[in-house]
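Presented below is the structure to which this report refers.
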Amino acid sequence: GKENFTREAFNLYKEGLEGGAFLENGVLARFTYKNIVSAALYIKEFDWVEKFIYDYKDYLDAAWKEDTFNYCQAILFYSIPDYTKAMKLLQKAEFKDIFLHINARKMLLKMYYSLKEFDALESLLDSFARYLDRHKELGYHKTHNLNLIRVIRKLIRLPMFDKKGLGEFKQEVETIKELANNDRKWVLEQCAKIS
């Protein structure tokens, strides 16, 4: 999560790509592809990452190519932000990878909230909770995401100008152990916009 370490990792990824170090039998692992995109986005290398996404698409394993490519395009558009393009990609995608599917839903939740599309947000919160309930194999991922859903439900129900309620809510969010740090950070950023 430290920018200087992420920049160092990004530079190592670039060197590895230039030297072909990440290709095994001409294939770039989808996890490496996604990690490279994440590192580049974290340090806001938007032009570089867009070129990378397209240039290395054909190096992905055919079975995962479209899912990985579409997901990485979506997180690029989400990061810029160009929510219209990101939402189009995520709404039509049927991700085979359960974690891409979960992350796509989380991005949609955050975009709907940011755009104040609360009807769509409520509907997605309900369907996402049902999806998580059906997948018993998710372990702590299920708990973390159900906590995110619960927190977002509370966030959208916070009364305007309720400083005390907002303060209590922020304290609750800060102390929830089973909530991903990037989700916690996002929720607290939304709280800062309210106060």
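The values are calculated or read from the model by the stated rules, or taken from the named source; none is laboratory data. On a predicted model such as this, the values are computed, not experimentally measured, just so you know. Positions of Cβ are generated from backbone atoms using ideal geometry, with glycine treated the same way; all protein chains shown enter the neighbour counts. Each accessible area value is taken on the protein alone, full model and side chains, heavy atoms only, with ligands, DNA and RNA left out. Shrake-Rupley method; radii C 1.70, N 1.55, O 1.52, S 1.80 Å.
Solvent exposure of region 63-195 amounts to 54 Å² per residue of accessible area, where only protein heavy atoms count and the probe is 1.4 Å. For the chain, the longest principal axis of the alpha carbon atoms and the long axis of helix 118-134 meet at an angle near 70°.
Packing-based ranking of 78-84, 91-97 yields 78-84, 91-97, ordered from highest to lowest mean Cβ neighbour count within 10 Å. Counting only protein heavy atoms and using a 1.4 Å probe, what share of the accessible area of the chain belongs to carbon plus sulfur, as a whole percent? With neighbouring chains kept in place, the figure for the chain is 51 percent.
Protection proxy ranking for 19-32, 107-120, using the average of other Cβ atoms within 10 Å per residue and placing the highest first: 107-120, 19-32.
Which entries in the list Lys14/Lys106; Lys96/Lys116; Lys85/Lys110 go over 25 Å, if you measure between the two C-alpha atoms of each?
Listed pairs above 25 Å: Lys14/Lys106; Lys96/Lys116.
Report summary: the helix-based calculation at 222 nm, which adds -39500 (n - 2.57) for every DSSP H run with n ≥ 4 and divides by the residues of the chain, gives -24000 deg cm²/dmol.
Could you check which residue among Leu179, Leu125, Leu158 shows the biggest mean-square fluctuation in a GNM of the chain with a 10 Å Cα cutoff? Greatest mean-square fluctuation among the candidates belongs to Leu158. Calculated on the Cα set of the chain, radius of gyration then Dmax: 18.1, 59 Å.
Taking a cut-off of 20 Å between Cα atoms, list the aspartates and glutamates near Lys170, but don't count ones fewer than 8 places away on the same chain. Leaving aside aspartates and glutamates fewer than 8 places away in the same chain, those within reach of Lys170 are Asp162, Glu178, Asp183, Glu189.
State the percent of C-alpha pairs, over all pairs in region 1-113, separated by a distance greater than 15 angstrom. Tail fraction, whole percent: 63. Spin-label model, Asp133/Ala29: points 7 Å from Cα along the beta carbon direction are separated by 3.6 nm. State whether region 119-195 is rounded, prolate or oblate according to the following rule on the C-alpha gyration tensor (a ≥ b ≥ c being the square roots of its eigenvalues): a/c under 1.5 gives rounded; otherwise a/b larger than b/c gives prolate, and the remaining case gives oblate. Oblate, since a/c reaches 1.5 and b/c is not below a/b.
Let a ≥ b ≥ c be the square roots of the eigenvalues of the Cα gyration tensor of region 74-159; is it rounded (a/c under 1.5), or, if not, prolate (a/b larger than b/c) or oblate? It is oblate, given that a/c is not under 1.5 and a/b is not larger than b/c.
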